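Read-outs throughout are calculated quantities, based only on the coordinates presented, and are distinct from any laboratory measurement. All values derive from a computational prediction rather than experimental measurement. Every residue, glycine among them, receives a Cβ derived from its backbone with ideal geometry; neighbour counts consider all protein chains shown.
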Amino acid sequence: MKLEILELDPQDDRASVRDRLASSQAPRVILVFPNRGRTRLTRLDLVLLHRQAAQRGRELGLVTRHPLLQTAAEAAGIAHFPSIDHVPEAEWPHSRPAPSALAQARASGRSGELPPRPPAALLRPGRGLLRWLWIGVAVISLLVLAAAVIPTADVLLVPANEARQETIKLKASLSSPGGLPPAGLPPGLLASRQVEVGLEDTLRLPTTGSSLAPETPAGGEALFTNLGAEPATIPEGTSVRSSGHDQLRFTTTVVAELPAGQGSTVSVPIQAAQAGSPGNLPAESLDSLDGPLGLLASVSNPRALSGGADRSQATVAQADLLALQRALEDQLLEQAGTALLDELQAGERLLPGSLRVVAVLDPTFDRAPGDLASSVGLRQQVRIAGLAAQQADMEEAVWKVIAADPEPDWLPARPSLVITDVSPGAAEDSEVNVAARWTVARPLDRVRLARAISGRSVVEADRVLQRSAELAEDPQFRVHPPWLNRMPWIGSRIRITSPWEGL
């Protein structure tokens, strides 16, 4: 007998099978169900299809290995076979459909009586909660099993990258209660706080002033001339002067006799009463005698008076006091750099060039300006303040400046940022120059790359990544389970990482 085979797929429903049965001309029609996957046909659909085939004079059979379909076929009285090879050419065996409860009642003449409804099972206290607990345990176990079994892959990509190095200028911004947090400051500003310390020290420096002190007196000879007829005695220590230099006085060093007779003369050695160069007078400078002898004789110096000398000696100048105070402040500033380390918090660093004297207390000099001294000393107390900043805040401030001016087609890698040096700014004590280096790299579209390699072997994935991304090194793969040697089919199970997060 002629047989027509209709192979079904999971999308077939009763309407599509019914149309195919209607167009069939064979007396026998066999429906072949797929070995895997479910169909959309229900038990009622099989009963209705069986009736449709019987109305058209056709015999309907099934080929399936599914136990539920086999049971449904037997209940509907439809012949079923495990495969096409088991379909006989002779008459098909048929199973009579099991009678329903209503049919049994009609057959026994008690059509008005239906079988009693079976009593519902009484639930024991807590049995429902226990059942849901076991269901939850089963679901969790399935999820854990799925996580362990579903393949995963870690792919390390090193994108094309270049090194950058620059000195960035930052201006310290003193933090205040209620002010902007470090993360909220605009680029170029560095959150900082002021720290103070009190110090005291002494310092002595050589003086730079000088003055002249008399060393040797001037000397020479004075010529005395007799103004009368009688002789006169010139005692030792007789004082003579120059009318042009009243402050200078010379005295004779020996006793001399002035001969009698008007105009007679005698030469007597003299010496300046005060040492120093002012006693060096030219010839004919002396013209007066002190005391009664001035009525009896006159005096002059035919030759210049010489031999007066001065010596230089150190004195305290006003500039010495100012220089000493500045030098002591510098010395205390150096000491403050070490002393302020004890005032820093964890993670803070002192900003170079930020130290300054904020108060000077009781400066005491041991010499005054003009004093003869080879050195001058100072004792002084000061208050010194500096600026401190957290290392993390400094890195954040540098990163803001870098991120504010990005390079086209490059992304800076934040984890690569390294601060190499911090130096004072040229403008003022609140500025610092921060030398930093970092890496810029080509950005990675991780979602697109994960989709591109989903389901591919490791070798194929390597080729795809080499073509799709600018890489500095070959990709590195780690697949779980290790024996799979293939990327997961689910893109979300592929994790693409790089040495720098955020790229």
When the chain is fully extended, how far beyond the present Cα-Cα distance does Leu156 get from Thr338, taking 0.36 nm per residue of separation?
-> 60.9 nm
Order of 289-295, 483-489 by packing, highest average Cβ count within 10 Å first?
-> 483-489, 289-295
Listed residues Ala283, Thr208, Ile234: farthest to the positive end of the dipole of the stretch 175-290 (Cβ charges) = Thr208
Arg414: net charge of surrounding residues, Cβ under 12 Å, Lys/Arg +1, Asp/Glu -1, itself excluded?
-> -2
In degrees, nearest 10, range 0 to 90: what is the angle between the Cα axis of helix 391-404 and the longest Cα principal axis of the chain?
-> 70 degrees
Under-5 Å amide H pairs with Gly425, H placed in peptide plane, nonlocal only | Glu431, Val432, Asn433
Mind putting a number on the dipole of the chain about its Cα centre? Charges go on the C-beta only, +1 for Lys and Arg and -1 for Asp and Glu, and I need it in Debye to the nearest 20.
-> 6540 debye
State to the nearest 20 debye the size of the charge dipole of the stretch 3-100 about its Cα centre, where the only charges are +1 on K and R beta carbons and -1 on D and E beta carbons.
-> 340 debye
In nanometres, what is the gap between the two model label sites at Glu89 and Arg40, each 7 Å from Cα along Cα-to-Cβ?
-> 3.7 nm
Using modelled backbone amide H atoms (1.01 Å from N, in-plane), which distant-in-sequence or interchain residues come within less than 5 Å of Phe81's amide H?
-> Leu62, Val63, Thr64
Kirkwood Rh over alpha-carbon pairs of the chain plugged into Stokes-Einstein at 10 °C, 1.306 mPa s gives a D in µm²/s of 42 µm²/s
Across 5 Å bins from the origin, how do the percents of Cα pairs in the stretch 213-312 run, short distances first?
-> 3, 15, 25, 25, 16, 9, 5, 2, 1, 0
Longest principal axis of the chain (C-alpha) makes with the long axis of helix 43-55 (C-alpha) an angle, in degrees to the nearest 10, of 40 degrees
So what is the calculated 222 nm ellipticity per residue for the chain, using -39500 (n - 2.57) for each DSSP H run with n of 4 or more, over all residues, to the nearest 500 deg cm²/dmol?
-> -7500 deg cm²/dmol
Expressed in nm to one decimal, what extension gain is obtained for the pair Ser210 and Ile490 from 0.36 nm per residue of sequence separation less their Cα-Cα distance?
-> 91.5 nm
Rounded to the nearest 0.05, what FRET efficiency do Gln70 and Ala15 give with R0 = 30 Å and r taken as the Cβ-Cβ distance? Could you check?
-> 0.80
Projected onto the charge dipole of the chain (unit charges on the beta-carbon of Lys, Arg, Asp and Glu, signs +1, +1, -1, -1), the Cα from Val195, Pro151, Ala368 with the largest positive-side position is that of Pro151
Highest-first arrangement of 387-397, 339-349, where packing means the average Cβ count within 10 Å = 387-397, 339-349
Looking only at aspartates and glutamates whose Cα falls under 19 Å of Lys171's and that sit 8 or more positions away or on another chain, we get Glu348, Asp393, Glu395, Glu396, Asp405, Asp421, Glu428, Asp429, Glu431
Zone of Val254's modelled label, taken as backbone nitrogen in the stretch 275-299 under 17 Å from a point 7 Å along Cα→Cβ | none
May I ask for the angle, rounded to the nearest 10°, between helix 458-468 and the longest principal axis of the chain, with both axes built from Cα atoms and the value confined to 0 to 90°?
-> 50 degrees
If you plug each phi of the stretch 19-34 into the Karplus form 6.51 cos²θ - 1.76 cosθ + 1.60 with θ = phi - 60°, what whole-Hz ³J(HN,Hα) values come out, in order, with x for Gly and Pro?
-> 5, 5, 5, 5, 8, 7, 10, 7, x, 10, 10, 10, 9, 9, 7, x
May I ask you to derive the FRET efficiency for Glu166 and Val464 from their Cβ-Cβ distance with R0 = 41 Å, giving the value to the nearest 0.05?
-> 0.70
